[in-house]
1. May I ask for the distance between the Cα centers of segment 4-43 and segment 132-151, given as a whole number of Å?
2. Applying 1/(1 + (r/R0)^6) with R0 = 25 Å to the Cβ-Cβ distance of residue 149 and residue 81, what FRET efficiency is obtained, to the nearest 0.05?
3. Compute the orientation-averaged projected area for segment 1-101 from the convex hull of its Cα atoms and round it to one decimal in nm².
4. Measure off 7 Å from each Cα along the Cα-to-Cβ vector at residue 35 and residue 116, then give the distance between these two points in nanometres to one decimal.
5. Work out the FRET efficiency for residue 3 and residue 68 from their Cβ-Cβ distance, taking R0 = 25 Å, and round it to the nearest 0.05.
6. Per residue, how much accessible area does segment 98-143 show when a 1.4 Å probe rolls over the protein heavy atoms, in square angstrom?
7. Sorted by packing (mean other beta-carbon atoms within 10 Å per residue), highest first, where do 110-123, 70-83 land?
8. In whole percent, and with a 1.4 Å probe on the protein chains, what portion of the accessible area of segment 1-127 is carbon and sulfur?
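The values are calculated or read from the model by the stated rules, or taken from the named source; none is laboratory data. Bear in mind that the values here come from a model prediction, so they are computed numbers and not experimental data. Heads up, the Cβs are rebuilt from the backbone with ideal geometry, glycines too, and the neighbour counts pull from every protein chain shown. Surface accessibility is based on the protein's heavy atoms, side chains included, excluding ligands, DNA and RNA. Shrake-Rupley method; radii C 1.70, N 1.55, O 1.52, S 1.80 Å.
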Amino acid sequence: MKKSDIYEVAIKILGIYLLVADISKLPGLITFIGNHASSSAEQQPADQGNLLLVNGLNFIFLIILAVLLIAGTKRITRWITNESDYQENAKLFAERKVIYEISLVIIGGLLLVGTIPDFLYHLYTLANVNEQSSVISAGAKIFIGIITVAFAKRIGAYFAK
């Protein structure tokens, strides 16, 4: 494995992390849009429309950045590496596929560990519609975390190609 391959793995892992983190924010964004659309214009503060715009643009920007990092890994690596990085060998503890699998398990695990306490709290205090949407949002994040951990081998094999 060349030193430039390590850059490629790191860039792709960053892209995967951004993609999973951004997708995990989608249920909250959808809930926010639903709450924004269901309330009348008189009840909404002026900043709520701006906040919706900023959150929507942030989601779109991060998805685009993640896709660019994942799809354009080789091009980005060429921009940031030297010629010597393509010739210099580097030893790693594992192959690309294994590194991607480990990264996906860590990313999914962090998502689960960060979301489960909020999910349990909102589930315990489930009393109104706002709590219900928080439970659904946290449940979706847990689902994404479980999918990331459960299918780490398949996803890792796909990105190792």
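1. Answer, in whole Å: 13.
2. 0.20
3. Across all orientations, segment 1-101 yields a mean hull projection of 8.0 nm².
4. Inter-label distance under the simple model: 2.6 nm.
5. Efficiency, from the Cβ-Cβ distance: 0.65.
6. Working: 2720 Å² over 46 residues.
Roughly 59 Å² per residue, with all protein chains present.
7. 110-123, 70-83
8. Roughly 66 percent of what the probe reaches on segment 1-127 is carbon or sulfur.
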